[in-house]
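A short write-up of the structure that comes next.
The values are calculated or read from the model by the stated rules, or taken from the named source; none is laboratory data. These figures come from a predicted structure and were not determined experimentally. So basically every Cβ, Gly included, is an ideal-geometry build from the backbone, and we count neighbours across all protein chains shown.
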Amino acid sequence: MIYLQLSNKYTMLVAMPGLSGRVALITGASRGIGRAIARRLSSEGVAVALSASRPGRHGDLHGTLDEAVEEIRSRGGKAEGLPANLVSGEERGDLVARAEAALGPLDILVNNAAMGVWALPSEVPLAARRKLCEVNLHAPIDLAQQALPGMRERRRGWILNVGSDSARQPTVPYRDTPEAAHVIAAYGASKAALARYTEGLAHEVAGEGVYVNSLAPVAIVLTQEAARFVGHIARKSPDMAEPIEVMVEAALELVTGAHVGRVVTSRALLHAVGRPVRSLDGKRVLGDALLPADVDAITH
């Protein structure tokens, strides 16, 4: 977002050059990181298709797909909601086509949706592993393959896969408990596989004007939901938590710039490019890559 000073009294808000009129599809967008990325893209003039496994019910603790869409529309943005259960190959099989039918040719794909299986590595059942891989690995690949023909033809496109620090084995001594470090192994393994796929795809298509990257938080993106479950870790180790605006601003960098095959954390990326962190509406600069997370403000 840029600002034009018209006089001593008036300032006009103008969308970032080149973004207005673009179209994005964001999965897992009814709440948390996906919803925040959708808001930030919309603030720059991007028409956003938000997808989630179900529309949800009014009053759901962390929001619904319908509420996320209405939040953007109420601020003057263009948004459509597309329910799809990504576990199902059939339901996700036409998701990009549905987004393009609603909003036009797709410029940006953000594969944010994910599911977790929290069990010791020796005990994760096969059925759970299959669902985990469907959502965390196969769905992003399928959606990328749906989006790529059009992006290649237009020689313009950005695909962002949201990763996780859990793709790496935590170092010892563990910040929390050994059990907490071990139960993230299956989830982390699926994200590690996605990161490797991201790198390979990125270098295949970079010469065609399509940029593919992976972004992860340092450890914890402090949404209300995260604060509820891991707020105690954030209080104990503040360096493990980041405000959602940090993750979102890094995502915006990766879906607008010419980055190829980055598998990077949000703070590292913002620090490397010197990009300030803005509010989700794009109107205020909140700080830089080291913007701290306020656990107490989120939980109250």
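Please find, within the range 256-287, the residue that is surrounded by the most Cβ atoms within 10 Å (Cβ to Cβ) out of those that are assigned to a loop (DSSP other than H, G, I, E, B) and touching a Lys or Arg at 6+ places or on another chain (Cβ under 8 Å).
Step by step, filter the range 256-287, then rank; the result is GLY282.
ALA101 fails exactly one of the following numbered conditions: (1) surrounded by fewer than 19 Cβ atoms within 10 Å (Cβ to Cβ); (2) outside any loop (DSSP other than H, G, I, E, B); (3) of a type outside the set (Phe, Trp, Tyr); (4) touching a helix residue (DSSP H, G or I) at 6+ places or on another chain (Cβ under 7 Å). What is the number of that condition?
(4)
Return the pairs, sorted by first residue and then second, in which the second residue is outside any helix (DSSP H, G or I), the first residue lies in the range 176-197 and is more than 17 Å from VAL124 (Cα to Cα), the beta carbons are less than 6 Å apart, and the residues are 6+ apart or on different chains.
These pairs meet every condition: LEU194/ASN161; ALA195/GLY163; ALA195/SER214; ALA195/VAL263.
Looking only at the range 37-46, count how many residues are surrounded by 24 or more Cβ atoms within 10 Å (Cβ to Cβ), over 13 Å from the mean Cα position of the chain (by Cα) and closer than 17 Å to ALA99 by Cα.
2
crowded, with 17+ Cβ neighbours inside 10 Å and among the β-branched types (Val, Ile, Thr): which single residue out of ILE108, ILE141 fits that description?
ILE108
Can you pull out the residues in the range 166-181 that are surrounded by 16 or more Cβ atoms within 10 Å (Cβ to Cβ) and either of a type in the set (S, T, N, Q) or closer than 22 Å to LYS131 by Cβ (or both)?
SER166, ALA167
Hey, any hits in the range 63-82 for a residue that's modelled with pLDDT under 90 and either of a type in the set (Ser, Thr, Tyr) or in contact with a Ser or Thr (Cβ under 7 Å, 6 or more places away or on another chain) (or both)?
yes
Answer yes or no as to whether VAL110 is modelled with pLDDT of 95 or more, among the aliphatic types (A, V, I, L, M), part of a helix (DSSP H, G or I) and in contact with a Leu (Cβ under 9 Å, 6 or more places away or on another chain).
Against the criterion (modelled with pLDDT of 95 or more, among the aliphatic types (A, V, I, L, M), part of a helix (DSSP H, G or I) and in contact with a Leu (Cβ under 9 Å, 6 or more places away or on another chain)), VAL110 does not qualify.
Testing ASP296 on (1) part of a strand (DSSP E or B); (2) at pLDDT below 95, one condition comes back false. Which one is that?
Every condition holds for ASP296 apart from (1).
Out of all the residues in the range 11-41, which are modelled with pLDDT under 95, outside any helix (DSSP H, G or I) and either out of contact with any strand residue (DSSP E or B) (no Cβ under 7 Å at 6 or more places or on another chain) or not aliphatic (A, V, I, L, M) (or both)?
If the condition is that a residue be modelled with pLDDT under 95, outside any helix (DSSP H, G or I) and either out of contact with any strand residue (DSSP E or B) (no Cβ under 7 Å at 6 or more places or on another chain) or not aliphatic (A, V, I, L, M) (or both), then THR11, ALA15, PRO17, GLY18, LEU19, SER20, GLY21, ARG31 are the ones that fit.
Working only within the range 127-159, note down all residues that are among the β-branched types (Val, Ile, Thr) and under 12 Å from VAL210 (Cα atoms).
Within the range 127-159, just ILE159 meets the criteria.
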